[in-house]
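The values are calculated or read from the model by the stated rules, or taken from the named source; none is laboratory data. Values in this document were obtained by computation on a predicted structure and should not be read as measured data. Methodologically, a virtual Cβ is constructed for each residue, glycine included, from the backbone with ideal geometry; neighbour enumeration extends over all protein chains shown. Note: accessible area is taken over every heavy atom of the protein model, side chains too, but ligands, DNA and RNA are not part of it. Shrake-Rupley method; radii C 1.70, N 1.55, O 1.52, S 1.80 Å.
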Amino acid sequence: WDNADFSKGVGTTFYQEFPTLNTAKPPFVRDVETKVRQYLRSSYSAAWTLKITWVKAPAYAARTDTQRTITYQAVLTTDGYRSYVLMLYQEGGMRWDYTRLAATNALIGYT
């Protein structure tokens, strides 16, 4: 894992909240529910979901490379009892040049 750096005006971050308790669920939330059910093989009905998208994020420190950016999402969702996070990466994975990062042990994802 490493830090994104938006200080040079390259890239941006968006977020969208989906409060869905007792309301109709948009297709995005239904897709998240399907993924949670598929991965965990259990029933799941989202009451709240938050989608955060980092678009064309350059690695820290951006002064060294603003051309090799990545786009990725974190989706947080809960049914009020259980909470999950989905980490979604752009096709092609990590485009940062890991040999030029401040930390040389960067990972994609988490453990």
The range 17-28 residues that are open to solvent by 50 Å² or more (accessible area, probe 1.4 Å), paired with ones that are not in a helix (DSSP H, G or I) (beta carbon under 6 Å, 6 or more apart)
Glu17/Leu50; Pro19/Trp48; Leu21/Ala47
Being open to solvent by less than 40 Å² (accessible area, probe 1.4 Å), of a type in the set (Gly, Ala, Ser) and modelled with pLDDT of 90 or more narrows it down to one of Ala61, Ala47, so name that one.
Ala47
Does at least one position in the range 95-109 carry a residue that is surrounded by fewer than 17 Cβ atoms within 10 Å (Cβ to Cβ), at pLDDT 85 or above and either assigned to a loop (DSSP other than H, G, I, E, B) or within 12 Å of the chain's Cα centre (by Cα) (or both)?
no
Condition check for Thr77: in a strand (DSSP E or B), modelled with pLDDT of 70 or more and open to solvent by less than 60 Å² (accessible area, probe 1.4 Å):
yes
Assuming Lys56 fulfils every condition listed in (1) farther than 16 Å from Asn3 by Cβ; (2) of a type outside the set (Gly, Ala, Ser); (3) touching a Ser or Thr at 6+ places or on another chain (Cβ under 8 Å); (4) open to solvent by 60 Å² or more (accessible area, probe 1.4 Å) apart from one, which condition is it?
(1)
If you go through the range 29-69 one residue at a time, how many are under 18 Å from the mean Cα position of the chain (by Cα) and not in a loop (DSSP other than H, G, I, E, B)?
20
